[in-house]
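Visitor: Please find one structure pasted underneath; my questions will follow.
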Amino acid sequence: LAAGREPVPATLTAKLRVEKRASGKSVTVVDGLPDNAEHLAALAKEWKKACGTGGSVGTGSIELQGDQRERLREILAKKGWKVKG
């Protein structure tokens, strides 16, 4: 498989955590996602819009500005995903 083209499984388990940046700001990190650039970009766009915040896509993870865990739990539950953290 080419980099960033990992297949997306039907059921996913997303790991949520909040990290403090050196700037003192917190970011919500959604980890444990498949390394699929197109899929992650689409999810990031959807979640940023739903949370009304900025964010970025990493390798197998998405970061959203601020503590978005509660809102993300609802969004992920609607998708039928399991959520840890």
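Visitor: Quick one: in the stretch 1-13, which of the residues that are among the hydrophobic types (A, V, I, L, M, F, W, C) and more than 16 Å from G80 (Cβ to Cβ) is surrounded by the fewest Cβ atoms within 10 Å (Cβ to Cβ)?
Guide: A2
Visitor: With respect to L16, determine if the residue is within 10 Å of the chain's Cα centre (by Cα), in contact (Cβ under 8 Å) with a residue 60 or more places away in the chain and crowded, with 17+ Cβ neighbours inside 10 Å.
Guide: Criteria met by L16.
Visitor: Something else now. Specify the residue that is surrounded by the most Cβ atoms within 10 Å (Cβ to Cβ); the eligible residues are those in the stretch 60-79 that are in a loop (DSSP other than H, G, I, E, B) and touching a Leu at 6+ places or on another chain (Cβ under 9 Å).
Guide: In this case the residue turns out to be Q68.
Visitor: Just give me the residues in the stretch 3-34 being under 14 Å from L64 (Cβ atoms) and of a type in the set (V, I, T), in sequence order.
Guide: The answer is V18, V27, T28, V29, V30.
Visitor: Moving to a separate point now. Which pairs have Cβ atoms under 8 Å, sit 6 or more apart or on different chains, and link a residue in the stretch 41-55 that is under 16 Å from K78 (Cα atoms) and of a type in the set (A, V, I, L, M) to one that is open to solvent by 20 Å² or more (accessible area, probe 1.4 Å) and in a helix (DSSP H, G or I)?
Guide: Qualifying pairs under 8 Å: A50/R71; A50/I75.
Visitor: Here is a further query. Can you find, within the stretch 27-54, the residue that is most open to solvent (accessible area, probe 1.4 Å) among those that are in a strand (DSSP E or B) and in contact with a Ser or Thr (Cβ under 8 Å, 6 or more places away or on another chain)?
Guide: D31
Visitor: Quickly run through the stretch 1-26 and pick out the residues that are of a type in the set (K, R) and either modelled with pLDDT of 90 or more or in a loop (DSSP other than H, G, I, E, B) (or both).
Guide: Those that are of a type in the set (K, R) and either modelled with pLDDT of 90 or more or in a loop (DSSP other than H, G, I, E, B) (or both): K15, R17, K20, R21, K25.
The values are calculated or read from the model by the stated rules, or taken from the named source; none is laboratory data. Since this is a predicted model, take the numbers as computed values, not measurements. Cβ atoms come from the backbone with ideal geometry, glycine included; neighbour counts cover every protein chain shown. With ligands, DNA and RNA removed, areas are computed over all heavy atoms of the protein, side chains included. Shrake-Rupley method; radii C 1.70, N 1.55, O 1.52, S 1.80 Å.
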